[in-house]
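> Please see the structure below; I have some questions.
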Amino acid sequence: MDLIHPQLAAFATVLEEGSFDAAARRLSVTPSAVSQRMKALEDRLGQVLVVRQAPCRPTPAGERLLRRVRAMRALEAEALADFLPLEDAATAQAVAIGCNDDSLHTWIVEALARLHREHGYLFDVRVDDQDHTLEMLRNGSVLGAVTAEARALQGCNVQALGVMRYRAIASPDFARRHFASGLDAAALATAPMIVFNRKDALQWRFMRRITRARLAPPMHYLPTSTGFVEAAALGLGWCVAPDSLVARAQKTNRIVVVAPDRWLDVPLYWQYAAVRSLTLERIGQALREAATGALRR
């Protein structure tokens, strides 16, 4: 059941599902009906809103509209919950949020599980580097995002969550072979380094703490947070990893912290659409409480 205009519902669903056919299945209408609603909306606004390709994506005008419509849908779900029987009141549409992979694997799931348990919320979690998750909020892909950016995006609120501390780790054998003389520019230039992806700047930021030299070490790209620690334990290379993951691996003596007196602190924030939404208020509260036990103040 939709309270917002069918044209806006079709627009948002096409972008959430990635195609007109998938949107039609979710809305229980024909693809032709979805196409007609989209064309009517674009004609009304005088703007092309969706790039028709696989998957469908918003144009710049579509991004601006999607930011508004996502907030409207959150409020719509709350309005329906006030009138529908309890068994039908759980949020029908998944709440889209963005976060970094390290947070997802260390503390965020605890908050999401609690929210689902207590309020029946469904979630559509989108993952990117903490320096880039804000782009998902900017383009309307999500209602809120865990980000390293403290300055609030226009039309958004921001709340501090805490600091995620990263430490440099390697297997004991790797550390003996590459860092026997210490962690310096010469060692860092030749020791294989594990990087999450090409957006991941954490290892480079850590190296700049050690040396100002322009280094080009051999690199592995490995897009998994938990796999980072396992890869380091197996001797694939060195990397920086969150304190909580490092502590677990240290108990088995499979990794060592290669620079105990050096670390990298990354402040994290919750940025979200500035609307009076009980859903967003509850999500923010749950994230702050989960972060209290996982992040440094």
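> In nanometres, what is the gap between the two model label sites at D124 and A180, each 7 Å from Cα along Cα-to-Cβ?
Result: 5.5 nm between the two label points.
> Amide H of V258 versus every other amide H placed in the peptide plane: which residues, excluding those fewer than 5 positions away on the same chain, fall under 5 Å?
It is A168, I169, A170, by chain and number.
> Rounded to the nearest 5, what is the percent of antiparallel bridges among the DSSP beta bridges in the chain? Don't skip to the answer; put the middle values down first.
Details: 23 of 34 bridges.
The answer is about 70 percent antiparallel.
> Could you tell me how many cubic angstrom of Cα convex hull volume segment 91-210 has per residue? If you can, show how the numbers build up before the last one.
Values: hull volume 16.3 nm³, N = 120.
Measuring per residue, one finds 136 Å³ for the Cα hull of segment 91-210.
> Mind listing the long-range amide H neighbours of G162? Cut-off is under 5 Å, sequence gap 5 or more, other chains count too, H placed in the peptide plane at 1.01 Å from N.
HN-HN under 5 Å from G162: L268.
> Between segment 153-181 and segment 128-148, how far is it from one alpha carbon centroid to the other, in angstrom?
Between the Cα centres of segment 153-181 and segment 128-148 lies a distance of 20 Å.
> Can you tell me the order of 11-21, 221-231 when each peptide is scored by its average per-residue count of other Cβ atoms within 10 angstrom, highest first?
Numbers: 11-21: 20.9, 221-231: 17.2.
Descending mean neighbour count gives 11-21, 221-231.
> Taking amide H positions as placed in the peptide plane 1.01 Å from N, state which residues far from V95 in sequence (5 or more) or on other chains have amide H under 5 Å from it.
L122, F123, D124
> Placing unit charges on C-beta atoms (Lys and Arg positive, Asp and Glu negative, everything else neutral), compute the dipole magnitude of segment 175-258 about its Cα centre in debye, rounded to 20. Could the numbers behind the result be given before it?
Values: 12 positive and 4 negative charges, 34 e Å.
The dipole magnitude comes to about 160 debye.
> Give the calculated FRET efficiency between S32 and A150 to the nearest 0.05, with a Förster radius of 51 Å applied to their Cβ-Cβ distance. Let's see the in-between values first.
Values: r = 47 Å, r/R0 = 0.91.
Efficiency, rounded to the nearest 0.05: 0.65.
> Estimate the FRET efficiency between D265 and R57 by the formula 1/(1 + (r/R0)^6), using the beta-carbon distance for r and 30 Å for R0, to the nearest 0.05. Each step should come with its number before you reach the end.
Working: r = 35 Å, r/R0 = 1.16.
Once the sixth-power term is evaluated, E becomes 0.30.
> How big is the convex hull of the Cα atoms of segment 166-224, per residue, in Å³?
Details: hull volume 5.3 nm³, N = 59.
So the per-residue hull volume is 90 Å³.
> May I pose another question? Two-decimal Rg/Rh of segment 164-266 from alpha-carbon positions, Kirkwood Rh? Could you put the intermediate results ahead of the total?
Numbers: Rg = 12.1 Å, Rh = 13.3 Å.
Using only Cα positions, Rg/Rh for segment 164-266 is 0.91.
> Shifting gears a bit: Mark the label point 7 Å from the Cα of Q250 along Cα→Cβ and return the residues of segment 191-230 whose backbone N is within less than 19 Å of it.
Answer for segment 191-230: 206, 226-230.
Here, each number is a calculation from the coordinates, and none is a lab measurement. Everything quoted here is computed from the prediction, not taken from an experiment. For neighbour counting, all protein chains shown are included, and Cβ atoms are generated from backbone atoms with ideal geometry for every residue, glycine included.
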